[in-house]
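Comments concern the structure below.
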Amino acid sequence: MNNAQRRIRILDSTLREGMQHPGVNLTHFQMVTIAKRLDAIGVDQIEIHGNVSRHHYDFARQILGRQSDFNAEIVVHCRSMRGDIADAISIGAGNIATYIGVSPAHLKKLGRTLEETTNEIVEAIRYVRERGASIRVTMEDATSASSADLLRICMAAQNAGVTSISIPDTKGTMNPISITGYISHLRENGITVQLDTHCHNDLNQAVANSFAAVLAGADQIHTTINGFGERCGIAPLEVISIAASTYGLATNVRTELLTELCNDLYAMTRITPPSTQAVVGRNAFSNTAGTHIHGITSNTATYLGLSPQSVGNRPSLVYGVLAGRRAIELLLEVPALRSKLVSLNLPEISGIDLQSQNAADEIFNALKGQHRNNLFTITQSEAELNTHLMTFRESRGFKISKQIR
Ligand code: HCA
Ligand code: CU
């Protein structure tokens, strides 16, 4: 499929799903800050809680009072109940998202039949439309219902005038093939309204499932910053947005602002960022093994498939027991890196004359004698690293090959 021109929409739910992440407690000031940053970064919709608590309701009132300051639409998430919907509309909500369980387990929990639930959905749509607002209906636990039941209930919602429908993988048990089956079945059988995908990450498939859903016909992906949310969270904004452009799908997201936004949310919540986090993590662009550093000193395209700069992150070279000779030669032959090495004042290599003929061998042996693999790290901006690599290649008389994209 050629997706070159296809644009997908992003709904960010950090201020709703993300608030359900253990340890995330933000003040109104912090929540407004996040909302503004999400708006500046270019998401299409920002989802918030309705009257789930006094704290959230007061925030909703505050943000809805300033909707004209936002390019993104503000969507208020609430139960499929008149009271909740009325409360949201009374403080200015123009976009309502109601959720109601449609799987056998959820119907049992609510003590309702599928037909009764369908009637409630239709009633909620009518109620919201009469009040001039738009309505998304979330078919909670959709991926545990049968495709046939899901189609029936979505068709009833579409006929009642729903604006969009969310098909969440509430328990995170889908894989790209099974979620494709659900979305394709809806699209092939007359569901034409906007479809949202909201994939939980319990099996680490949230990103893959979100793209599978989009390729099968969904229009909008739900994300949160850092993937925050219930249990293992949902698809992370930072990965979805850069992956979209890597896969040839357009979004409005200014990806170069992602790393800072993700780090700022960690700082606000005092949650420790995992070093392995994709795209924005500390190690997302670090190379450690001698073979890797050898690769990128020849051609950065060998081991870096994304540009750190495109997501606001920085590349780094981590030196330790696995550092190869080439990695050490790079340090010695590029003046800026050599002075960096000197300034580190490492006991492991103290006493080695860096100007001597066999300095590289001596450092190599000294590092090999260690067992740690993070004795020191050279972190650079992408431009600086590229310049260093070029200097190095030139000093060795290499043909200048490709830089980091
Ligand atoms: C919830 C459930 C939900 C809803 C998703 C959506 C889910 O926490 O209320 O509204 O699209 O995962 O099913 O987050
Ligand atoms: Cu969810």
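Details
- Listed by first and then second residue, the pairs with beta-carbon distance under 6 Å, at least 6 apart or on different chains, first residue in region 230-250 and more than 15 Å from ligand 2 (Cβ to nearest atom), second of a type outside the set (V, I, T) and not in a helix (DSSP H, G or I), are V239/A278; G248/N3; G248/A4; L249/N3; L249/R6; A250/R7.
- Scanning region 217-228 for residues that are of a type in the set (G, A, S) and part of a strand (DSSP E or B) yields a total of 0.
- Once region 326-345 is narrowed to residues that are aliphatic (A, V, I, L, M) and free of Cβ contacts under 8 Å to residues at least 40 places away in the same chain, the residue that is surrounded by the fewest Cβ atoms within 10 Å (Cβ to Cβ) is V342.
- Test: residue in region 10-26 that is surrounded by fewer than 24 Cβ atoms within 10 Å (Cβ to Cβ), part of a helix (DSSP H, G or I) and away from ligand 2 (no atom under 16 Å from the Cβ): no
- Some residue of region 197-207 being surrounded by fewer than 24 Cβ atoms within 10 Å (Cβ to Cβ) and under 12 Å from the mean Cα position of the chain (by Cα): yes
Let's see how each residue does on (1) away from ligand 1 (no atom under 11 Å from the Cβ); (2) over 16 Å from D141 (Cα atoms):
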position	(1), (2)
T170	no, no
T173	yes, no
I177	yes, yes
T180	yes, no
G190	yes, yes
Q194	yes, yes
H200	no, no
A206	no, no
N209	yes, no
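- In region 15-40, the residues that are within 13 Å of A267 (Cα to Cα) form Cβ pairs under 9 Å with partners that are within 16 Å of ligand 2 (Cβ to nearest atom) and β-branched (V, I, T), at six or more places apart or across chains, as follows: V24/T14; I34/T14; I34/I46; I34/I225.
- Subset of region 217-226 [farther than 19 Å from A148 by Cα and buried (at least 24 other Cβ atoms within 10 Å of the Cβ)]: I221, H222, T223, T224, I225, N226
- The set of residues from region 266-287 being hydrophobic (A, V, I, L, M, F, W, C) and within 19 Å of S310 (Cα to Cα) comprises A278, V279, V280, A284, F285.
- Residue that is surrounded by fewer than 22 Cβ atoms within 10 Å (Cβ to Cβ), at negative phi and not in a loop (DSSP other than H, G, I, E, B), where the choices are V137, V214, V122: V122
- Residues considered: A301, A323. Of these, the only one that is buried (at least 16 other Cβ atoms within 10 Å of the Cβ) and either outside the structural domain of E260 (by TED's automatic domain parsing) or part of a loop (DSSP other than H, G, I, E, B) (or both) is A323.
- Matching entry among G132, G181, G172 (being closer than 18 Å to R16 by Cα and either in the same structural domain as D84 (by TED's automatic domain parsing) or at pLDDT 95 or above (or both)): G172
A quick yes/no check of all residues on (1) within 21 Å of N201 (Cβ to Cβ); (2) acidic (D, E); (3) not assigned by TED's automatic domain parsing to the domain that holds A213:
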position	(1), (2), (3)
L15	yes, no, no
H21	yes, no, no
F29	no, no, no
T33	no, no, no
D44	no, yes, no
V52	no, no, no
A60	no, no, no
I63	no, no, no
I91	no, no, no
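- Residues satisfying the stated conditions in region 140-152, i.e. within 14 Å of ligand 1 (Cβ to nearest atom) and in a loop (DSSP other than H, G, I, E, B): D141, A145
- Members of region 229-245 that are more than 15 Å from P274 (Cα to Cα) and assigned to a helix (DSSP H, G or I): L237, I240, S241, I242, A243, A244, S245
- If you go through region 44-84 and keep only what is outside any strand (DSSP E or B) and within 15 Å of ligand 1 (Cβ to nearest atom), you end up with D44, G50, N51, V52, S53, H56, S80, M81, D84.
- Remark: pairs (first residue in region 147-171, closer than 24 Å to A208 by Cβ and basic (K, R); second residue part of a helix (DSSP H, G or I) and within 16 Å of ligand 2 (Cβ to nearest atom); Cβ separation under 9 Å; 6+ apart in sequence or on different chains) = K171/T143; K171/S144.
- Condition check for T223: touching a residue at least 12 places away in the same chain (Cβ under 8 Å), within 15 Å of ligand 1 (Cβ to nearest atom) and of a type in the set (S, T, Y): yes
The values are calculated or read from the model by the stated rules, or taken from the named source; none is laboratory data. Note that the structure is a prediction, hence the values are computed from the model and not measured. Glycine also receives a Cβ, built like all others from the backbone with ideal geometry; neighbour counts cover every protein chain displayed.
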